[in-house]
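Notes follow the structure.
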Amino acid sequence: MRAGEETVPVATDLREKRALVVGLARTGVATALFCAARGAHVAASDSRSGTEIGEVIAKLKDAGVALELGTHREKTFLEQDLIIPSPGVPADAPHLQAARAKGVTIWSEIELAYRFLKGRLIGITGSNGKTTTTSLVEHILKTAGMQTILAGNIGTPLIACVDAMTDNTFTVVELSSFQLELIDTFRPNIGVFLNLTPDHLDRHHTIEAYGAAKARLFENQTGDDAAILNADDAATTPYAPSLPRVYWFSRKQCVAHGAYVRGEEIVFRQDGAEEVLLKLEDIPLAGAHNVENVLAAAAATRLAGAPASAIAKGVRSFAGVEHRLEFVAEIAGVRYYNDSKATNVDATLKALDAFPGRILIILGGKDKGSDYTVLQKPLREKAILALLIGAAAEKIESQISGSVALERAETIERAVEIASHAAQRGDVVLLAPACASFDQFQNYEHRGRVFKDLVRQLETQAAGATFGKG
């Protein structure tokens, strides 16, 4: 069966509309070019200078986009018919509030893209596991021979994929709370809400506001659609919607409708009928949290029409995602893992849980209003050394002191150097920062790449030393 085949969004006519794009990172640039190509009078506003933004400036000018750089003028915001803020721009920014009060329409990029959607849409949100689950869903559907597009917060803006969509396309999109808080009609045929833990409280201020933003995923769904939630996550279950058909996934209990673990198997249950999809031993990814990701992906792809054989084959052949518990190298018996995507405390807890012990962990970066005291117990049980980097180092030290040996490394380069000397055969060196990256890096990908480069330098040095001995 296939959930929600009847959804056909009504396209928005952008011709002659005055549209402002706020923020010229990847999503903003794609949105500005999209609107310009469809006949809108497009302006783009960014607090950075043209030099800071770089070569895309010429492309935007060639497309006729008017640029306001180095500042945001309220007058510019008030003159528009439509404003599309980039995900990094707070929905309650003063200029947006002023424009909203004047009646200007404000949409996120995914809302605008949705109005040009073809085919079916699978939307995935949650505090942790979004990228792995989104990638796995797309991989399974592709394994099943379906036409797929992978988009959203995972790297390629949804709006940049519109021209590639057909009526037969399954677009699988990773969705953040920042994107969902400014939707209007956005409606996935299948919506997946993985979990909810404190994150982005510097932006949303309360866990309730953060959860409500994520739950907007289900807001426009109808009885033709499917909503999938985590039955084991008490913070998520209250957000189960009333209109769409609700499915659950669980590692711990049988569910009436959805995917669950029974013994050593993953079973899909619907209308009283059960079907074994795969075995737990088929899952190549480490950690209990990845079992949950597989359960969610299995439920979503089965509802999308993938047969059980393709789901099992897709899971077995899934190589994982860069920067998510990514194995980098083993050097002199020490294994190095890159989990730079662990940008909140809960993700770091899951990373620690994936290993039996003797972990040297690199923590720190830009604080997001997190409580690091919950790391004390797993650090005491699993870690032998915590290396603190970045702006949050002092706060983290004050909140985990006494649970594990600490060292203020300040930079990731120094942290890797210290870890390489302190680690013994059988140990794990783990980058799982529990923080954002923006204090020292462009983004978490940049942080992860730097970590991997440093480890590979160690690997090269170790190989040279071994060769020299020979």
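So if I check each of GLY103, GLY126, which one is over 23 Å from ALA312 (Cα atoms), without any contact (Cβ under 8 Å) to a residue 40 or more places away in the chain and of a type outside the set (A, V, I, L, M, F, W, C)? Give the derivation first.
Values: GLY126 fails: without any contact (Cβ under 8 Å) to a residue 40 or more places away in the chain.
One residue alone meets the criteria, GLY103.
Being part of a helix (DSSP H, G or I) and touching a residue at least 24 places away in the same chain (Cβ under 8 Å) is the filter; apply it to segment 213-249 and report the residue that is farthest from ALA392 (Cα to Cα). Outline the logic, then answer.
Filtering segment 213-249 down to residues part of a helix (DSSP H, G or I) leaves 213-218, 237-239.
Subset that is touching a residue at least 24 places away in the same chain (Cβ under 8 Å): 213-218, 239.
On the way: ALA213: 26, LYS214: 26, ALA215: 29, ARG216: 31, LEU217: 32, PHE218: 35, TYR239: 32 Å.
Applying the filter and picking the extreme gives PHE218.
Give segment 189-221 a look and list any residue that's over 17 Å from the mean Cα position of the chain (by Cα), open to solvent by 40 Å² or more (accessible area, probe 1.4 Å) and at pLDDT 95 or above, or say none.
GLU219, ASN220
Consider only pairs whose beta carbons are under 8 Å apart and that are at least six residues apart or on different chains; among these, list those whose first residue lies in segment 323-336 and is of a type in the set (Lys, Arg) and whose second residue is open to solvent by 30 Å² or more (accessible area, probe 1.4 Å) and at pLDDT 90 or above.
The qualifying pairs are ARG324/LYS341.
Right, PHE186: modelled with pLDDT of 95 or more and either assigned to a loop (DSSP other than H, G, I, E, B) or within 19 Å of ASN344 (Cβ to Cβ) (or both) or not?
Considered against the rule, which asks whether it is modelled with pLDDT of 95 or more and either assigned to a loop (DSSP other than H, G, I, E, B) or within 19 Å of ASN344 (Cβ to Cβ) (or both), PHE186 comes out as yes.
Here is a list: ILE400, ILE331, ILE389. Which entry is within 26 Å of the chain's Cα centre (by Cα) and buried (at least 19 other Cβ atoms within 10 Å of the Cβ)?
Just one listed residue meets the conditions, ILE389.
For ALA299, work out the one condition from (1) part of a helix (DSSP H, G or I); (2) out of contact with any helix residue (DSSP H, G or I) (no Cβ under 9 Å at 6 or more places or on another chain); (3) open to solvent by 30 Å² or more (accessible area, probe 1.4 Å) it doesn't fulfil.
ALA299 satisfies every listed condition except (3).
From the set of residues in segment 250-294 that are in a strand (DSSP E or B) and β-branched (Val, Ile, Thr), which is farthest from ALA304 (Cα to Cα)?
VAL261
Exactly one of (1) more than 23 Å from GLY402 (Cβ to Cβ); (2) open to solvent by 20 Å² or more (accessible area, probe 1.4 Å); (3) in a loop (DSSP other than H, G, I, E, B) is unmet by TYR337. Its number?
Looking at each condition in turn, TYR337 falls short on (3).
Take the conditions open to solvent by 10 Å² or more (accessible area, probe 1.4 Å), touching a residue at least 24 places away in the same chain (Cβ under 8 Å), among the hydrophobic types (A, V, I, L, M, F, W, C) and within 16 Å of ASP339 (Cα to Cα) and apply them to VAL450. Does it pass? So that I can check it myself, show each step before the final result.
Values: open to solvent by 10 Å² or more (accessible area, probe 1.4 Å): yes; touching a residue at least 24 places away in the same chain (Cβ under 8 Å): yes; among the hydrophobic types (A, V, I, L, M, F, W, C): yes; within 16 Å of ASP339 (Cα to Cα): yes.
Against the criterion (open to solvent by 10 Å² or more (accessible area, probe 1.4 Å), touching a residue at least 24 places away in the same chain (Cβ under 8 Å), among the hydrophobic types (A, V, I, L, M, F, W, C) and within 16 Å of ASP339 (Cα to Cα)), VAL450 qualifies.
Which residue pairs have Cβ atoms closer than 6 Å, lie 6 or more positions apart in sequence or on different chains, and pair a first residue in segment 43-59 that is in contact (Cβ under 8 Å) with a residue 12 or more places away in the chain with a second residue that is charged (D, E, K, R) and open to solvent by less than 30 Å² (accessible area, probe 1.4 Å)?
Within 6 Å, the pairs are SER45/GLU68.
Residue under question is ARG408, and the condition is that it be free of Cβ contacts under 8 Å to residues at least 60 places away in the same chain, open to solvent by 80 Å² or more (accessible area, probe 1.4 Å) and at negative phi; does it hold?
The answer is yes for ARG408.
The values are calculated or read from the model by the stated rules, or taken from the named source; none is laboratory data. Note that the coordinates shown come from a computational prediction; the quantities given were computed from them, not determined experimentally. Ideal geometry is used to build each Cβ from the backbone, glycine not excepted, and the neighbour counts take in all protein chains shown. Protein only, heavy atoms only, side chains kept; ligands, DNA and RNA dropped before computing areas. Shrake-Rupley method; radii C 1.70, N 1.55, O 1.52, S 1.80 Å.
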